[in-house]
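Everything below concerns the one structure shown next.
The values are calculated or read from the model by the stated rules, or taken from the named source; none is laboratory data. Because the structure is predicted, anything quoted here is derived from the model rather than measured. FYI the Cβ positions are ideal-geometry reconstructions off the backbone, even for glycines, and counts take in every protein chain you see. Calculation scope for accessible area: heavy atoms of the full protein, side chains included, ligands and nucleic acids excluded. Shrake-Rupley method; radii C 1.70, N 1.55, O 1.52, S 1.80 Å.
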Amino acid sequence: MDLSDPVTPVAAFALGAALARANNCAVASARRLVIDGRADWLVGLAVATSWAGLTLGLFAFNLPDVVLLPAQTPLTGKVISGGILLGIGAALNQGCFLGSIAKLGRGELPFLFTLCGIALAMAFSPGLLAIGGSPVPQAEAHFRSPDALFLASLLFAPVALFGLARWWNRGRQAPFALIAVGIAGGTVYACNPGWSYSSGLYRIVSSGGRAGFLQAEIGTLAVVVGVIISAVLAGRFELRVGSPKAIAARLGGGMLMGTGAMLVPGGNDTLMLWAIPGLTIYGPIAYAIMIVTIMAILAVRHRFGRF
């Protein structure tokens, strides 16, 4: 049974449509806490992650021989340094992996150079490739145990239900969009862990360009189309070319994020929607290191001015 076709593009399209309406960027969420003193957007990221965890667990429980889960990568200095690089790169880029693709889909063309930066980091990091560097964690093909599903429910259900209650009581679009991000993200990673644009770029680079771009990036194309259509319908689409300074920042940020993703392994999209929901140990630690790094940079910039 192959779940990757046609579920992957459909779920990726739904993920993109939700990203256009949700406060999902780690940089924006960290900035809201540092500058405004409000943690609601970071809580929203936890809500999305929790719904991804419940979705992934449901798929894994019902299809244990089909669904791939992230393997337990050891917690090493690579994970810590990768999380730091993810944070520095995201702060410089002014957008994380998910935030970048969402902003690109809203018409901010400089974020194309974020993708170029990620690809360059993978192409010019032979040392990382030699030691098994990859933007996607290794996967294992069997669900760990019913106890693990029960543990996941205990961990994720309260936050997921909090997000549901918040949407139900307030009737606002953003909480529902975060729930949709989690469900769509958990679905697409359950069906095809290698769907993301970072892993697609990695396949192209590691194969010497022999991997077809369309084949490698079908999931990303579906996400971008979903963001564009959703942004247009919401009146949020606007083409922006950007300054050379902005382009340089996106390129440099993408290179740092690409390097960090290979060390962890995984960018914040993979960590948030697959590694953490898959109950890995390194996932929440790397994600927390990334968030703390972003917050530290933003705090310094806020205290001493932009530099």
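Taking region 14-31 on its own, how many of its residues are in a helix (DSSP H, G or I), closer than 23 Å to GLY83 by Cα and open to solvent by less than 30 Å² (accessible area, probe 1.4 Å)?
Applying the first criterion (in a helix (DSSP H, G or I)) to region 14-31 yields 14-19, 26-31.
Now restrict to residues that are closer than 23 Å to GLY83 by Cα: 19, 26-31.
Cutting the leftovers down to open to solvent by less than 30 Å² (accessible area, probe 1.4 Å) gives us 19, 26-30.
Counting residues in region 14-31 that are in a helix (DSSP H, G or I), closer than 23 Å to GLY83 by Cα and open to solvent by less than 30 Å² (accessible area, probe 1.4 Å) gives 6.
Go through region 280-298 and count every residue that is surrounded by fewer than 21 Cβ atoms within 10 Å (Cβ to Cβ) and assigned to a loop (DSSP other than H, G, I, E, B).
Selection size over region 280-298: 1.
Looking only at region 44-87, which residues are of a type in the set (A, V, I, L, M, F, W, C) and over 30 Å from PHE176 (Cβ atoms)?
Start the filter on region 44-87 by keeping residues that are of a type in the set (A, V, I, L, M, F, W, C), which leaves 45-48, 51-52, 54, 56, 58-61, 63, 66-69, 71, 75, 79-80, 84-86.
Answer for region 44-87, where residues must be of a type in the set (A, V, I, L, M, F, W, C) and over 30 Å from PHE176 (Cβ atoms): ALA71, LEU75, VAL79, ILE80, ILE84, LEU85.
Looking only at helices (runs of 4 or more DSSP H) that lie completely in region 63-130, which have at least 3 residues being touching a residue at least 24 places away in the same chain (Cβ under 8 Å), within 23 Å of SER243 (Cβ to Cβ) and open to solvent by less than 10 Å² (accessible area, probe 1.4 Å)? Give the derivation first.
Values: elements: 77-93, 97-105, 112-123, 126-130.
The qualifying helices (runs of 4 or more DSSP H) are 77-93, 97-105, 112-123.
Considering every residue within region 279-292, establish whether at least one is touching a residue at least 60 places away in the same chain (Cβ under 8 Å) and more than 19 Å from PRO70 (Cβ to Cβ).
Yes, there is a match, as at least one residue in region 279-292 is touching a residue at least 60 places away in the same chain (Cβ under 8 Å) and more than 19 Å from PRO70 (Cβ to Cβ).
In the set THR293, THR270, which member is under 11 Å from the mean Cα position of the chain (by Cα) and among the polar types (S, T, N, Q)? Quick ask: steps written out before the conclusion?
Numbers: THR293 fails: under 11 Å from the mean Cα position of the chain (by Cα).
When all the criteria are applied, what remains is THR270.
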